[in-house]
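Before any comments, here is the structure.
The values are calculated or read from the model by the stated rules, or taken from the named source; none is laboratory data. Everything numeric in this text was worked out from a predicted model, so none of it was measured. Every residue, glycine among them, receives a Cβ derived from its backbone with ideal geometry; neighbour counts consider all protein chains shown. Remember, those area values only see protein heavy atoms, side chains included, never the ligands or the DNA or RNA. Shrake-Rupley method; radii C 1.70, N 1.55, O 1.52, S 1.80 Å.
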Amino acid sequence: MNAQQITLVSYGHFEKEILRIISDKVFAVYGLPVNMEETHFDLSNFYDPNRRQYDGNKLLKNTDDHSIGNIKTIALFNVDIFIPILTYIFGQAYLNGNSGVVSAYRLKNELYGLKPNKFILIERLAKVIIHELGHTFGLKHCYNNDCVMKSTNYVEDIDQKNAVFCSACKEEYSLGIQKKLFMENNGEITSNT
């Protein structure tokens with residue numbers, strides 16, 4: 001069986017310390033190895049001059065085209081991203097897929113006329129990454145206001161929720177992992193003892 005793992009790929013400048021802290025937060029929720037990679041590519045093909053933003057759907061497809069096997073991949077950007085039906089997005093992912101995209105652009109205090117705050121940026125970024133990963137594991141939006149899977153439209157919504165699952169989403173995630181392991185083992189129950 002191939003062990004599940006998570007890869008965070010930064011496109012653009014992210015401080016290594018920020019990525020390390022976020023990686024630890026992701027590991028705390030999912031209990032899976034989290035790898036970090038850094039790469040660069042020309043984003044001009046994803047830029048929409050009419051919107052003066054980057055197309056989140058195209059970025060997501062590009063990320064998915066480069067995802068590998070059992071690895072859940074979240075691509076991290078520092079640009080303003082959108083999808084056609086929304087003015088902007090913080091991130092998006094394929095439900096039950098292997099990939100997602102997240103942007104720090106609208107998570108920074110400076111965009112809202114406030115002083116930079118690295119702690120707040122880390123918390124917001126971690127919550128969005130954990131949320132998008134939840135979708136890749138089959139979790140849908142939650143109605144619990146404290147749950148990381150609660151849908152968010154504004155940065156204040158992100159600040160008000162926790163960086164962890166509510167009990168219902170945690171159970172759904174655990175059941176999904178157990179089902180996946182069961183299916184990968186051809187329906188045979190295995191034990192570590």
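What are the pairs with Cβ atoms under 8 angstrom where one residue, in the stretch 38-57, is on the phi < 0 side of the Ramachandran plot and the other, located anywhere, is part of a helix (DSSP H, G or I) and open to solvent by less than 50 Å² (accessible area, probe 1.4 Å)? Sequence gap at least six, or different chains.
Phe46/Leu59; Phe46/Asn62; Tyr54/Leu43; Tyr54/Phe46; Asp55/Phe46
Residue check, Ala163 against (1) open to solvent by 20 Å² or more (accessible area, probe 1.4 Å); (2) outside any loop (DSSP other than H, G, I, E, B), all met but one. Which one?
Single failed check for Ala163: (2).
Taking Tyr105, is it among the hydroxyl-bearing types (Ser, Thr, Tyr), without any contact (Cβ under 8 Å) to a residue 40 or more places away in the chain and closer than 18 Å to Val155 by Cα? Even if it seems obvious, please write down each step before you answer.
Numbers: among the hydroxyl-bearing types (Ser, Thr, Tyr): yes; without any contact (Cβ under 8 Å) to a residue 40 or more places away in the chain: yes; closer than 18 Å to Val155 by Cα: yes.
For Tyr105, the condition - among the hydroxyl-bearing types (Ser, Thr, Tyr), without any contact (Cβ under 8 Å) to a residue 40 or more places away in the chain and closer than 18 Å to Val155 by Cα - is met.
One residue is enough: does the stretch 57-67 have a residue meeting the conditions at pLDDT 95 or above and in a strand (DSSP E or B)?
Taking every residue of the stretch 57-67 in turn, none turns out to be at pLDDT 95 or above and in a strand (DSSP E or B).
Is one or more of the residues making up the stretch 74-82 among the polar types (S, T, N, Q) and under 24 Å from Thr152 (Cα atoms)?
Scanning the stretch 74-82 turns up at least one residue that is among the polar types (S, T, N, Q) and under 24 Å from Thr152 (Cα atoms).
Return yes when Ala93 is in contact with a His (Cβ under 6 Å, 6 or more places away or on another chain) and open to solvent by less than 30 Å² (accessible area, probe 1.4 Å) and no when it is not.
Criteria met by Ala93.
Hey, can you tell me all the residues within the stretch 108-153 that are more than 14 Å from Phe165 (Cβ to Cβ), free of Cβ contacts under 8 Å to residues at least 24 places away in the same chain and among the polar types (S, T, N, Q)?
Selection gives Asn109, Asn117, Ser151, Asn153.
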